[in-house]
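Structure provided below as structure tokens; questions to follow.
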Amino acid sequence: MNIKLESFIYTYIIYSILQIKQFHLLQRSTIQLLRFPFSYFLMPVFWFALSFVPTINWPRAVLIFFLIHVLLYPSSNGYNSYMDRDTESIGGVANPMQPTRQLFITTVIMDVLGVVLSFFISPIFAAAFIFYIICSRLYSYRNIRLKKFPIAGYLTVIFNQGAVVFFMVYHGSGVDLTTHIPWQGLIAASFLIGGFYPITQVYQHKADAKDGVQTISMLLGKRGTFIFCAAMYAVAFSLLFVYYNIHRQLGAFFVLQVYFIPVIIYFIWWFLQVWKNESYADFNHTMRMNWLAGSCTNLAFITLIILKFWQI
């Protein structure tokens, strides 16, 4: 990296810090609506992709983790909250505060900082990073608002949070910065997000309808959401079975099944409660599902990474 580019990057970082200080530190509403804890629920795709990488460049992998989970996801959450101005529970926040202009400016600073730092990985990674930001803004921006269309909004989310993130992690974390990405991983990542995302919307039907938004969960209905999510997970795990079987790694597939036992048990129990009484499709049950699924999935893929290194 040349001296001029490095000088620009350091200057921008210092400028960003000074801009934040002008706010006399971040307001509570800004910190809350960036929803940093929600990154935990999306983290499995990072570990999933990393478990596929033959030889990991750990310094780049750590930077990618920071870029995605500390900058990209929170900025997207914050911009969405700035556009929505939710008054009822949203993902990870039971009682959202009202956003201020500071939230919007903070998301812009985070985006620009993320793009600048992403060039330390590669230009291809930076292009994918920018593509994610653009799609995220099209999803939330009031004059376009892809989220109000159930199919378009759903496909935008699962493609970006699934395939695009998998691509970024696999490409950027590999020692050779390859663009030859295993297609099973790309598709499985999208289906894993496809099985997770509608569940996060199942308690928001009234609030979304009030805001003129029709989500995939609203289209399916509360009971239908559970059936649909189960089908998406079934496809994802079928693809993983095929991949691990081809590579003679069925032991890895068995490890995943063990970690998913608690998730499956809770999912079935919750589904039966909702089938009897749809009021069980509420914020508290959804958050329990998210924390359980996120924890088990993260641990499963981290375990696979550890086992792979032991074999080496």
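Which of the residues that make up the stretch 197-230 are open to solvent by less than 50 Å² (accessible area, probe 1.4 Å), part of a helix (DSSP H, G or I) and more than 16 Å from residue 274 (Cβ to Cβ)?
Result: 197, 207, 208, 216.
If a residue must be farther than 17 Å from residue 196 by Cβ and either polar (S, T, N, Q) or in contact with a Gly (Cβ under 9 Å, 6 or more places away or on another chain) (or both), how many such residues does the stretch 223-258 contain?
5
Within the stretch 176-187, take every residue that is in contact (Cβ under 8 Å) with a residue 40 or more places away in the chain and assigned to a helix (DSSP H, G or I) and give me the one that is surrounded by the most Cβ atoms within 10 Å (Cβ to Cβ).
For the stretch 176-187, the residue satisfying everything is 185.
With the condition kept exactly as written, say whether any residue in the stretch 89-108 is part of a helix (DSSP H, G or I) and under 17 Å from the mean Cα position of the chain (by Cα).
yes
While we're on this one: What is the residue count in the stretch 254-312 for residues that are open to solvent by 20 Å² or more (accessible area, probe 1.4 Å), hydrophobic (A, V, I, L, M, F, W, C) and not in a helix (DSSP H, G or I)?
The qualifying residues number 1.
Specify which of the listed residues (190, 238, 173) is open to solvent by 30 Å² or more (accessible area, probe 1.4 Å) and either of a type in the set (Val, Ile, Thr) or under 25 Å from residue 43 (Cα atoms) (or both).
When all the criteria are applied, what remains is 238.
Still on this structure, I have one more. So, residue 165, is that one modelled with pLDDT of 95 or more, open to solvent by less than 20 Å² (accessible area, probe 1.4 Å) and either part of a helix (DSSP H, G or I) or closer than 23 Å to residue 216 by Cα (or both) or not?
Taking the combined requirement at face value, the residue satisfies it.
Give the residue that is modelled with the lowest pLDDT, with candidates limited to residues of the stretch 7-37 that are open to solvent by 30 Å² or more (accessible area, probe 1.4 Å) and under 15 Å from residue 77 (Cβ atoms).
26
To continue, here is another question. I'd like the full set of residues that are surrounded by 16 or more Cβ atoms within 10 Å (Cβ to Cβ) and not polar (S, T, N, Q), limited to the stretch 106-119.
Selection gives 109, 110, 111, 112, 113, 114, 115, 116, 117.
Follow-up question, since we're still on this one. Test residue 54 against the criterion of being surrounded by fewer than 18 Cβ atoms within 10 Å (Cβ to Cβ), in contact (Cβ under 8 Å) with a residue 12 or more places away in the chain and outside any helix (DSSP H, G or I), and give yes or no.
yes
I've got another one for you. Restrict the check to the stretch 72-85 and report whether at least one residue is modelled with pLDDT of 85 or more, more than 26 Å from residue 205 (Cα to Cα), part of a helix (DSSP H, G or I) and open to solvent by less than 40 Å² (accessible area, probe 1.4 Å).
Yes.
Can you find a residue that is under 30 Å from residue 176 (Cα atoms), outside any helix (DSSP H, G or I), of a type outside the set (Val, Ile, Thr) and open to solvent by 20 Å² or more (accessible area, probe 1.4 Å) anywhere in the stretch 124-131?
No; the residues of the stretch 124-131 include none that is under 30 Å from residue 176 (Cα atoms), outside any helix (DSSP H, G or I), of a type outside the set (Val, Ile, Thr) and open to solvent by 20 Å² or more (accessible area, probe 1.4 Å).
Shifting gears a bit: Can you list residue pairs whose Cβ atoms sit under 6 Å apart, with the first residue in the stretch 243-269 being free of Cβ contacts under 8 Å to residues at least 40 places away in the same chain and the second being surrounded by fewer than 13 Cβ atoms within 10 Å (Cβ to Cβ)? Count only pairs 6 or more apart in sequence or on different chains.
Matching pairs, first to second residue: 244/250.
Then there's this: For the stretch 61-107, enumerate the residues that are without any contact (Cβ under 8 Å) to a residue 60 or more places away in the chain, of a type in the set (Phe, Trp, Tyr) and over 22 Å from residue 291 (Cα atoms).
82, 104
The values are calculated or read from the model by the stated rules, or taken from the named source; none is laboratory data. Source: prediction; values computed, not measured. Don't worry about glycine lacking a Cβ; one is built from the backbone with ideal geometry, like all the others, and counts go over all protein chains shown. Areas reflect the complete protein model, heavy atoms only, side chains present, ligands, DNA and RNA absent. Shrake-Rupley method; radii C 1.70, N 1.55, O 1.52, S 1.80 Å.
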